[in-house]
Ligand SMILES: Nc1ncnc2c1ncn2[C@@H]1O[C@H](COP(=O)(O)OP(=O)(O)O)[C@@H](O)[C@H]1O
Ligand SMILES: [Mg+2]
């Protein structure tokens, strides 16, 4: 699905504050993978997502998506196949607008101009059905302002908005960091359903070790801009929590 070949990213090159945020990263992510990415602060996790989304251009190396090189493709042109969700559950949503209007806005953002129609009854039904299917219990509250929902509900809906119109790759940067454990569980269970339903290839950054053991089918640890561990499903299944704690010394 997506491949990173010898990707490096250096910030402030040649200056006293030069940082090698990514160093010679080789990574191939197969379609349908749910990759969980861990690593201490500053290890390059967010930068890795940034070069995949196109928010940053790598200093060196190539990015290949479905066999085509996309290294220098700008972010807005990748938005047809990459969706991103950040920590802040309100980021990217309008709190005063209804749930439905937020879905409309999200659809307008990702659709090409030619497709800016059809945000009508049919669209409303599709939003209602999808919300119902995910078991969020909000399908009869589509007119409720987004800002009145709990953090977990908002984040779960944000996730859904970002993928509903079609995407191939979902990038989650600490999506539960701002949530309490119950809300975090709601969001992650929703994420898992969405990932299966839309057959998404996912990378999720988390600082929560139990989340990283429970979710996903591949586990990667970064340290100082490099991939230092890469566990497949079997290795991940055998990983014990206490073993993983030791990764972080
Ligand atoms: N835009 C930037 N300009 C300069 N340095 C940056 C920038 N973005 C990230 N960095 C640096 O790159 C390193 C990796 O950062 P980041 O990818 O955000 O780490 P993580 O997400 O793992 O905490 C850090 O040292 C950080 O300070
Ligand atoms: Mg980060």
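Any residue in region 92-118 that is closer than 19 Å to residue 153 by Cβ sitting within a Cβ distance under 7 Å of a residue that is buried (at least 16 other Cβ atoms within 10 Å of the Cβ) and modelled with pLDDT under 70? List the pairs, counting only those 6 or more apart or interchain.
Going by the 7 Å Cβ cut-off, the qualifying pairs are 104/119.
Which residue pairs have Cβ atoms under 8 Å apart, sit 6 or more places apart or on different chains, and have a first residue in region 12-23 that is closer than 18 Å to residue 43 by Cβ and a second that is more than 16 Å from ligand 2 (Cβ to nearest atom) and in a strand (DSSP E or B)?
Cβ pairs passing all conditions: 18/10; 19/10; 20/8; 20/10; 21/10; 22/7; 22/8; 23/8.
Do you know which residues across region 28-41 are in contact (Cβ under 8 Å) with a residue 24 or more places away in the chain and either buried (at least 18 other Cβ atoms within 10 Å of the Cβ) or farther than 30 Å from residue 66 by Cβ (or both)?
Residues of region 28-41 in contact (Cβ under 8 Å) with a residue 24 or more places away in the chain: 28-40.
Hits for region 28-41 are 29, 33, 34, 35, 36, 37, 38, 39, 40.
For residue 45, all conditions in the list (1) buried (at least 16 other Cβ atoms within 10 Å of the Cβ); (2) on the phi > 0 side of the Ramachandran plot hold save one; what is the number of the exception?
(2)
Suppose we filter region 79-90 for residues that are within 16 Å of ligand 1 (Cβ to nearest atom) and either touching a strand residue (DSSP E or B) at 6+ places or on another chain (Cβ under 7 Å) or farther than 16 Å from residue 159 by Cα (or both); how many remain?
4
In the list 181, 145, which residue meets the criterion of being farther than 15 Å from residue 84 by Cα, touching a strand residue (DSSP E or B) at 6+ places or on another chain (Cβ under 9 Å) and away from ligand 1 (no atom under 16 Å from the Cβ)? Quick ask: steps written out before the conclusion?
Details: 181 fails: touching a strand residue (DSSP E or B) at 6+ places or on another chain (Cβ under 9 Å).
Answer to the selection: 145.
Which one of 107, 94, 83 is within 22 Å of residue 199 (Cα to Cα) and modelled with pLDDT of 85 or more?
83
Which of the residues that make up region 54-78 are touching a helix residue (DSSP H, G or I) at 6+ places or on another chain (Cβ under 8 Å), surrounded by fewer than 17 Cβ atoms within 10 Å (Cβ to Cβ) and under 24 Å from residue 158 (Cβ atoms)?
Within region 54-78, 55, 75 meet the criteria.
The values are calculated or read from the model by the stated rules, or taken from the named source; none is laboratory data. Just so you know, these numbers come straight off a predicted model, no measurement behind them. Cβ: placed from backbone, ideal geometry, glycine included. Neighbour counts: every protein chain shown.
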